[in-house]
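Input: a single structure, listed below in structure tokens.
What follows is calculated from the coordinates using simple rules that are stated; it is not laboratory data. Values in this document were obtained by computation on a predicted structure and should not be read as measured data. Positions of Cβ are generated from backbone atoms using ideal geometry, with glycine treated the same way; all protein chains shown enter the neighbour counts.
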Amino acid sequence: MHLSIRLMKILFRYQKFSPVQNLLAQQFFKPSGFWGRIAVDFMAVANRPVYDWTMEFLEIQPQDNVLEIGFGHGIYIEKAAKKADQGFVAGIDFSEAMVKRARRFNKHLIRRKKVALLHNDMQPIPYPDTFFDCAFAVNVIYFWNKPENELREIYRVLKPGGILALYFTNKDSLQHLPFTTSNLFRKYAGDAFAAIVKKAGFTKVSCHTRLLHFKEADVKGHCVVAMK
Ligand SMILES: C[S@@+](CC[C@H](N)C(=O)[O-])C[C@H]1O[C@@H](n2cnc3c(N)ncnc32)[C@H](O)[C@@H]1O
């Protein structure tokens, strides 16, 4: 894990070079192979504070059915399952490598049918209407070509009154990361994305903002929270 983080930090230092830029963009979009493992080790550590913050908005109850989209390492699938200990947690991710890794990490919960991790994209989300009490995604919305489509699917699978929480880094903060100029990434200001969520039919849409302090720079992150 320490070696992965050191390797990622080296790549970040050279991210103005286009081969490094492309490698980073691709591995954050859909991790695979050796560099995918390194990238996701890095995310498992670096994204902890924003994951904890996002989970607070969900207020997961013991009987809840919970959905995570783009679970990557799958660490927060386990945390959600601990809270929903009489319910069920599903995750979908379109990276085969991430599904394998997260299944390994959550194998005891999968065996007990408390968790299911599916190799899937969101068109459609493979669950029936009104199945989930809450849904969340951390650092995934950048990769939605037309977020209205993905939001429509999330809306469909949430129960009335169900809660959605989406974490992402603000577009101005992402400008400092050259690999995010890749056309794989779409960047948003908090209010702009909140408006898209509202347009998709969600109510009580709020945009929360938090400043994260890193050695290299301060990073502004948003959690858009909404109700079906
Ligand atoms: C930047 S990583 C974030 C991983 C993790 N959520 C975190 O923040 O540490 C994005 C993850 O979302 C997955 N992903 C991106 N777009 C997706 C989509 N449309 N459907 C399913 N998974 C997607 C990728 O495979 C990857 O595992």
Exercise. Quick one: helix 96-105 against the long Cα principal axis of the chain, what's the angle to the nearest 10°, folded into 0 to 90?
Worked result: 70
Exercise. When you count, for each residue, the other Cβ atoms within 10 Å and take the mean per peptide, how do 62-74, 150-162, 13-25 rank with the highest first?
Worked result: 62-74, 150-162, 13-25
Seminar exercise, completed: Rounded to the nearest 10, the angle in degrees between the Cα long axis of helix 18-29 and the longest principal axis of the Cα atoms of the chain comes to 10
For this session: Please give every one of the lysines within straight-line cross-link reach of Lys198, meaning a C-alpha to C-alpha distance under 27 Å, and leave out same-chain neighbours fewer than 8 residues apart.
Result: Lys146, Lys159, Lys171, Lys187, Lys220, Lys228
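Calculated from DSSP H runs of 4 or more alone, at -39500 (n - 2.57) each and per residue, what is the 222 nm mean residue ellipticity of the chain, nearest 500?
Working: 10 runs with 98 residues, N = 228.
The per-residue figure over the chain is -12500 deg cm²/dmol.
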For this session: Starting with the highest mean, order 89-97, 203-211, 50-58 by the number of other Cβ atoms within 10 Å, averaged over the residues of each peptide.
Result: 89-97, 50-58, 203-211
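Give, as a single signed number, the net charge of other residues whose beta carbon lies under 10 Å from the beta carbon of Pro147, with Lys and Arg counted +1 and Asp and Glu -1.
Working: positive: Lys146, Arg152, Arg186, Lys199; negative: Glu148, Glu150.
Result for the local shell: +2.
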Exercise. Looking at the P(r) of segment 51-145, how many percent of alpha-carbon pairs lie beyond 18 Å?
Worked result: 39
Seminar exercise, completed: Tilt, helix 147-157 to longest principal axis of the chain (alpha-carbon atoms), in degrees rounded to tens, equals 30
Problem set entry | Zero-based 5 Å bins, Cα pair distances in segment 48-227, whole percents | 1, 8, 17, 21, 22, 16, 9, 4, 1
Problem set entry | Anchor Lys107: lysines whose Cα lies under 27 Å away (excluding residues fewer than 8 positions away in-chain) | Lys30, Lys79, Lys82, Lys83
Problem set entry | segment 1-67 - charge dipole about Cα centre, Lys and Arg +1 at Cβ, Asp and Glu -1, debye rounded to 20 | 620
Exercise. Put +1 on the Cβ of every Lys and Arg and -1 on every Asp and Glu Cβ in segment 48-227; which of Phe131, Ala217, Phe202 then has its Cα farthest towards the positive end of the dipole?
Worked result: Phe131
Exercise. In whole angstrom, how far apart do the alpha carbon centroids of segment 152-191 and segment 36-62 sit?
Worked result: 15
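With +1 assigned to the C-beta of every Lys and Arg and -1 to the C-beta of every Asp and Glu, and no other charges, what is the dipole magnitude of the chain about the Cα centre in debye, to the nearest 20?
Details: 33 positive and 20 negative charges, 102 e Å.
Using only the charged Cβ atoms, the result is roughly 500 debye.
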